[in-house]
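The values are calculated or read from the model by the stated rules, or taken from the named source; none is laboratory data. Quick caveat: nothing in here was measured; it's all calculated off a predicted structure. No Cβ is skipped: glycine too gets one built from the backbone with ideal geometry, and neighbour counts run over all protein chains shown. All accessible areas refer to the heavy atoms of the entire protein, side chains included, with ligands and DNA or RNA removed. Shrake-Rupley method; radii C 1.70, N 1.55, O 1.52, S 1.80 Å.
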Amino acid sequence: MAYLELNVLDNAPKPIVGIDLGTTNSMAALFVDGRPQVLRPEGNSGYVPSAIWFGENGRLLVGQEARHQAAADPGHVLFSVKRFMGRGLADVGSELENVPFPAKPGENGGVRFTIRGKEWSPEQLSALILKKVQWMASQALGGKPVERAVITVPAYFDDTQRQATRDAARLAGIEAVRIVNEPTAACLAYGLDQKKQGTVAVYDLGGGTFDVSILAIEDGVFRVLSTNGDTHLGGDDFDRELVQLALEDLALPPALAQDRTLRQSLRLSAERCKIALSKDPSAELQLIAPDRGLDWRRQIARTEFEARIAPWIERTLACCRRALADAGLETRQIDEVVLVGGSTRVPAVRAAVERLFGRRPHTELNPDEVVALGAAVQGHVLAGGTRDILLLDVTPLSLGLETMGGAVAKVIQRNSPIPCQATEGFTTYADNQTGLDLHIVQGERELAKDCRTLGRFQLRGIPALPAGMARIAVRFALDADGVLAVTAKEESTGVSAHIEIQPMNGLTDGEVESMLKSSYDNAVADFDARRVADLKVELGIMLRAIEKNLPGFKAELDPETLADIQDARRAAEAARAGDPKASEIQKVRDALERASLPLSALMMDRVAKDALSGKKLGDF
Ligand code: ADP
Ligand code: MG
């Protein structure tokens, strides 16, 4: 029997992907299942390094494979073609130093490279990268063709540069449905267009470029107020610092130090070391070339690396100050700070930005993916997608832990975009306490009993230590599917316990709303109740300290002081047991503090004397 072939009708609208066409890395993302996601084929990061290798007989490699060729055949690899897009030979001058191919002016004022006997325009070269990104995206989508895209460009790109980007897309067989500014895309990824109005600083530190943009949001529309930056500042400079450090240490003979292959493998080792230092306090830098008799390794401390890169970071901050001045704004007038670019994974960079703006920057999304994600959001909207689900997922209610006395320590704040994570430090309340009950709650109220219980678990095996000495880190991680993983770990022994819960299980929008409303309605009463709870805990701690230390100092205190202390203790015990108002319990606490001042003074004297005689504080 013969089978008839049927054409499968595909009525699904063609997707509009978002493409970040970067100087160092490019990638595509698509809005699926209610959120933008980077398109990664099985077993691949989806990142396409913006590198092209030209082999003999017209052979070409693009992306990761081309980058790998750089060590073996640096004379035929082209990086950073974005720097030449839409620019004339006269404008690019020193950029050409890093290109191993001759360049000449093209007929339309652009640059032409002669590579293995063939002429190439920057648009044609960028098209090769876009083709690779398109191929990756299509692979990730199970072979579905990718023909339409929103493509991002730096905010400072002029019309010619934008047109060149469109042309590159056309050459790659992609319709550039829209060209979007990179900082705007980053804001879209964070859902900042949902704000009625506000100001945003987007700090973008990539591989070889730094851009800062100050944007204004007005009714969901972004306006660029100012841009600043440095087209030759980025992660490559951090790598170079490590290369320099290695060369100083190695003291190679000049011929070897200039060797391109050695230098390239040292560069790669430097980058690996740098990336490891973003999460570890120290990492190995190495140069191993058995054929040259080289086997050099050194452990680099994060602090040493940070000292080296501090001047570069300082330069980015100077750009930020200029951008602010141009926008006529002060740091405190910036409502949101967004970090973009792989190099903002360096903790010292994050800390510096946070210090400058006096607020915590957005880092919940991968900084090297956020531009592509935002472009995908824009693509989704242009494809007719609904606007209301486009909001990046946030946790609608705060997540926290019950602390001693029944108050709540919020670990993840309401409205944090997910995925997100946060860690809080806790300690023990009693001497020799070896177990801890962890009560995880959700809600905005100040007391645990008024919030929703999500789960409870216990941490056992805490070493017996005086109260307040144990260090317990509790980490909350809320993943993109809304699963909350809580891990409690005692730092000195490493004992830990873990639980996973689904916070939004069974909660309807209406319930979330009513939980929020109840927190507003009860704000004042809650505040008072929380103070009472906190003050009771504090009283407990003070009473225990007095109880523990009074016997040892009794002989040195006059009877009047002793009587005062006893009175204040009794009042404090009563307040703890009873149901006083916050103001009353505050009075009792202050009285206890006053009465026990002479005792505290004696204790401090003893500590100081013992410290001078060599006894450490920890010996108490
Ligand atoms: P671009 O926007 O220039 O295309 P990216 O945003 O992809 O570049 O950033 C690339 C840079 O980020 C490279 O210098 C790379 O070494 C650096 N980088 C990537 N991951 C990390 C990390 N974990 N720590 C420090 N730097 C990183
Ligand atoms: Mg970038």
The stretch 546-585-the stretch 114-164 distance, computed between alpha-carbon centres (Å): 75
Sum of side-chain charges, residue 53 neighbourhood, beta-carbon under 15 Å (Lys, Arg +1; Asp, Glu -1): +4
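How about the stretch 116-192: which trypsin sites (Lys or Arg not before Pro) there are in a DSSP loop, with at most 15 other Cβ atoms within 10 Å of their Cβ?
Values: sites: 116, 118, 131, 132, 148, 162, 166, 170, 178; in loops: 116.
Counting only loop positions with at most 15 other Cβ atoms within 10 Å, the trypsin sites (Lys or Arg not before Pro) in the stretch 116-192 are 116.
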Global geometry of the chain, whether rounded, prolate or oblate, following the gyration tensor of its Cα atoms and the 1.5 cut on a/c: prolate
Extreme residue, positive dipole direction of the chain, given options 448, 515, 602 (C-beta unit charges): 602
Selection of GluC sites (Glu not before Pro), the stretch 81-176, meeting DSSP coil and at most 11 other Cβ within 10 Å: 107
Proximal lysines relative to residue 274, as straight alpha-carbon distance under 25 Å, when same-chain residues fewer than 8 apart are discounted: 82
Residue pairs, from the table 131/196; 410/581; 14/195, whose Cα atoms sit over 32 Å apart: 131/196
Assigned charges on the beta-carbon of Lys, Arg, Asp, Glu; the stretch 325-478 dipole about Cα centre (debye): 360
Prolate/oblate/rounded label for the stretch 324-475 (Cα gyration tensor, a/c 1.5): prolate
Surface accessible to a 1.4 Å probe, per residue, for the residues of the chain, Å²: 49
Set of lysines near residue 118 by C-alpha distance (under 17 Å), chain-local residues within fewer than 8 positions excluded: 104
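Determine the calculated [θ] at 222 nm for the chain from helices alone, applying -39500 (n - 2.57) to every DSSP H run no shorter than 4 residues and normalising by the residue count; nearest 500 deg cm²/dmol. Intermediate results must be reported in sequence, preceding the final value.
Values: 16 runs with 234 residues, N = 620.
One gets -12500 deg cm²/dmol as the mean residue ellipticity at 222 nm.
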Three-way shape call for the stretch 29-120 based on the alpha-carbon gyration tensor, with the a/c threshold at 1.5: oblate
The chain - percent of accessible surface contributed by carbon and sulfur, probe 1.4 Å: 50
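So what is the relative contact order of the chain, in percent, for Cα pairs below 8 Å that sit 6 or more residues apart? Mind showing how you got there, number by number?
Numbers: 1126 pairs, mean separation 65.3, N = 620.
After rounding, I find 11 percent.
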